[in-house]
Amino acid sequence: MQPTSISNESLLNSLRWRYATKKFDPTRKISPADWATLEQALILSPSAFGIQPWKFIVITDQATKEALVPVSWNQRQVADCSHLVVFAHKKEMDTEYIDGYLQRIMKVRGVTMESLAGYRKMMVGTLIEGSERERIAAWNQRQTYIAFGNFMTCAALMRIDTCPMEGLQPEKYDEILGLTKRGLATGAACPAGYRAADDPYARLAKVRFETEELVEYI
């Protein structure tokens, strides 16, 4: 049976509805069922090689959220949202991590390690021995932005508000959340929840260049 697709207009309406929420309603929380869906949306995000070089730190503890406000340039979205998602990436890549991923493929797909030898060689050759080796942390961070965008789009489809944030001090986040000793680094954060009724930004028209200025066909 073919899955039911969302209509073209419903999809576009959700994207038009979404905006970078400046003021969240701290009294409204994302339901467990809705959060479980968004959590799986994060898990299902694509990445190069399918390698998933990230960790999603989900913060609902109010004290922790408040502690992050001063290192987020005092932006209250961090504390007033329902769930704060910190997109952290691996600072390094090694064969142990790649082999762990291949073990997961074996378990899920019922294949042998021998059948994955070529895939392993390609990943090791690119990420550890090859072109990406010297900039692997930056490469890993770019992968997290795929999940970041996917998360915001899925939230918009569910009428859950988000605010993409790079306006923070990554090193301080790492310190507060204990990420450095785990070989992880903060890349960005995304508060999620529900807009406050008096957030004036919710009523502003979305500003984008004309399609003809951004899209070219060859």
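The values are calculated or read from the model by the stated rules, or taken from the named source; none is laboratory data. Because the structure is a prediction, the values reported are computed rather than measured. For neighbour counting, all protein chains shown are included, and Cβ atoms are generated from backbone atoms with ideal geometry for every residue, glycine included. Remember, those area values only see protein heavy atoms, side chains included, never the ligands or the DNA or RNA. Shrake-Rupley method; radii C 1.70, N 1.55, O 1.52, S 1.80 Å.
Would you mind giving the three semi-axes, in whole Å and largest first, of the ellipsoid equivalent to the stretch 23-73 according to its Cα gyration tensor?
After scaling each eigenvalue by five and taking roots: 25, 17, 9 Å.
Can you pick out the pairs among Lys22/Lys65; Lys65/Lys181; Lys22/Lys55; Lys23/Lys91; Lys65/Lys172 whose Cα atoms lie more than 22 Å from each other?
Check vs 22 Å cut-off fails for Lys22/Lys55; Lys23/Lys91.
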Quiz item: If you keep only loop residues by DSSP, which GluC sites (Glu not before Pro) in the stretch 104-181 have at most 14 other Cβ atoms within 10 Å of their Cβ?
Solution: Glu129, Glu166
Quiz item: Can you give the accessible area per residue of the stretch 1-129, in Å², using a 1.4 Å probe?
Solution: 59 Å²
Exercise. Would you kindly state the longest site-free stretch of the chain, with sites defined as chymotrypsin sites (Phe, Trp or Tyr not before Pro) in a DSSP loop (not H, G, I, E, B) surrounded by at most 11 other Cβ atoms within 10 Å?
Key: 74-208
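Which translational diffusion coefficient, to the nearest whole µm²/s, is obtained for the stretch 4-119 from the Stokes-Einstein equation, given a Kirkwood hydrodynamic radius over C-alpha pairs, 37 °C and 0.692 mPa s?
Answer, rounded: 185 µm²/s.
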Quiz prompt | Surface share of carbon and sulfur [accessible, 1.4 angstrom probe, percent] for the stretch 1-142 | solution = 54 percent
Practice problem: Please give the solvent-accessible surface of Met113 in Å², to the nearest 10, using a probe radius of 1.4 Å with every protein chain present. | Solution: 50 Å²
Exercise. Output the DSSP H helices from the chain with an along-axis C-alpha extent of no less than 24 Å and a mean Kyte-Doolittle hydropathy no less than -0.5.
Key: 136-157
Quiz item: Equivalent-ellipsoid semi-axes (√(5λ), Cα gyration tensor) for the stretch 74-122, whole Å, largest first?
Solution: 37, 14, 7
Quiz item: What is the projected area of the convex hull of the Cα atoms of the stretch 45-104, averaged over all directions, in nm²?
Solution: 5.5 nm²
Quiz prompt | Amide H contacts of Arg195 (H built 1.01 Å from N, under 5 Å, at least 5 apart or other chain) | solution = Asp25, Asp161
Quiz item: When the solvent-accessible surface of protein heavy atoms is calculated with a 1.4 angstrom probe, in what order do Leu179, Leu44 fall, highest first?
Solution: Leu44, Leu179
Self-check item: Coordinate range along principal axes, alpha carbons of the chain, Å, largest first
Solution: 58, 45, 38
Exercise. For Ala188, enumerate residues with amide H under 5 Å from its amide H, sequence gap 5+ or separate chain, H modeled in the peptide plane.
Key: Phe87
Exercise. Pull up all non-local amide H partners of Tyr19: gap of 5 or more, or a different chain, and H-to-H distance under 5 Å with H placed in the peptide plane.
Key: Thr162
Quiz prompt | Accessible area of the stretch 143-218 divided out per residue, in Å², using a probe of 1.4 angstrom | solution = 59 Å²
Exercise. Note down the accessible area of Cys154, probe 1.4 Å, to the nearest 10 Å².
Key: 40 Å²
